[in-house]
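J.: Dropping a structure here in structure tokens format, bear with me for questions.
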Amino acid sequence: MQGVLVLDGLHKQFGSLVAVDEISLTVEPGEVLGFLGPNGAGKSTTMKMAAGFLEPDRGTSSICGEDVAVSPKAARRQLGYLPEGAPSYGEMAVRGFLDFCAEIRGLSGGQRSRAIDNAIERTELQSVTEQTIETLSKGFRRRVGLAQAILHDPGVLILDEPTDGLDPNQKHQVRQLIADMSKDRAIIISTHILEEVDAVCSRAIIIDKGRVVADGTAQELRKLMPGRRKASLEDVFRHVTSLEEVAA
């Protein structure tokens, strides 16, 4: 497989539960992949394995040609990761936290200052830079998490629910940021908001019970609904996942 982000046969089982079942995919530069599925489908588990934060039972993940298991440091240098919940140090001020993240990333001097200022500007955090993270709204905390993910200008972005908790204006701004950044990097976003596929994704994958059940552009996915000339993505989602089986 070719691609900036390549997952090959990722499999993860917790006891008798198969959370991720042999998932393979590639994401190319300039591509924004929407990663969709019902709750418990295996989205977050897949993304954690892709980012190297969870070891797969089998299969591989590579970022910009670096195997996450074999060369984890080299792979993560090229990765920006916004996990579910975006953990951070609540007692730290926003700028102090981003400075801490920049130091961990090996940035120093003027490069470090410019990277922090750029991340703050792109995520519109200027009004809260000296405020402690624990005092921020959910939406602002999410934007801090996004800022640390893009701080070092990575070649691959893995974003788990990047617009969770944001108001409509903030969602628009983050979607525009993702679109702008996608021009020269590979981006995968997990989302429950199907309108985001039309708004920002060039391709989408739907998984159910740990397996890929649909893969294509929004237009291609709509064609999976036989006899429905104006099928919505919600229609498609229900059709290809177990939710449709429950409703039948």
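J.: Out of curiosity, is residue 225 over 22 Å from residue 43 (Cα atoms), surrounded by fewer than 19 Cβ atoms within 10 Å (Cβ to Cβ) and within 15 Å of the chain's Cα centre (by Cα)?
T.: no
J.: Also, quick follow-up: Residue 124 - would you say it is over 19 Å from residue 82 (Cα atoms) and either part of a loop (DSSP other than H, G, I, E, B) or within 13 Å of the chain's Cα centre (by Cα) (or both)?
T.: The answer is no for residue 124.
J.: So which of 106, 96, 59, 40 ends up being open to solvent by less than 70 Å² (accessible area, probe 1.4 Å), at pLDDT below 95 and of a type outside the set (A, V, I, L, M, F, W, C)?
T.: 106
J.: Considering only the stretch 6-24, I want to know if a residue exists there that is open to solvent by less than 10 Å² (accessible area, probe 1.4 Å) and over 17 Å from residue 213 (Cβ atoms).
T.: no
J.: Within the stretch 105-115, which residues are more than 21 Å from the chain's Cα centre (by Cα), part of a helix (DSSP H, G or I) and within 24 Å of residue 185 (Cβ to Cβ)?
T.: Answer for the stretch 105-115, where residues must be more than 21 Å from the chain's Cα centre (by Cα), part of a helix (DSSP H, G or I) and within 24 Å of residue 185 (Cβ to Cβ): 110, 111, 112, 113, 114.
J.: Now, a different point. Considering only residues that are within 18 Å of residue 176 (Cβ to Cβ) and loosely packed, with under 15 Cβ neighbours inside 10 Å, which ones fall in the stretch 109-150?
T.: If the condition is that a residue be within 18 Å of residue 176 (Cβ to Cβ) and loosely packed, with under 15 Cβ neighbours inside 10 Å, then 118, 121, 126 are the ones that fit.
The values are calculated or read from the model by the stated rules, or taken from the named source; none is laboratory data. Quick caveat: nothing in here was measured; it's all calculated off a predicted structure. Virtual Cβ from ideal backbone geometry, glycine too; neighbours counted across all protein chains shown. Calculation scope for accessible area: heavy atoms of the full protein, side chains included, ligands and nucleic acids excluded. Shrake-Rupley method; radii C 1.70, N 1.55, O 1.52, S 1.80 Å.
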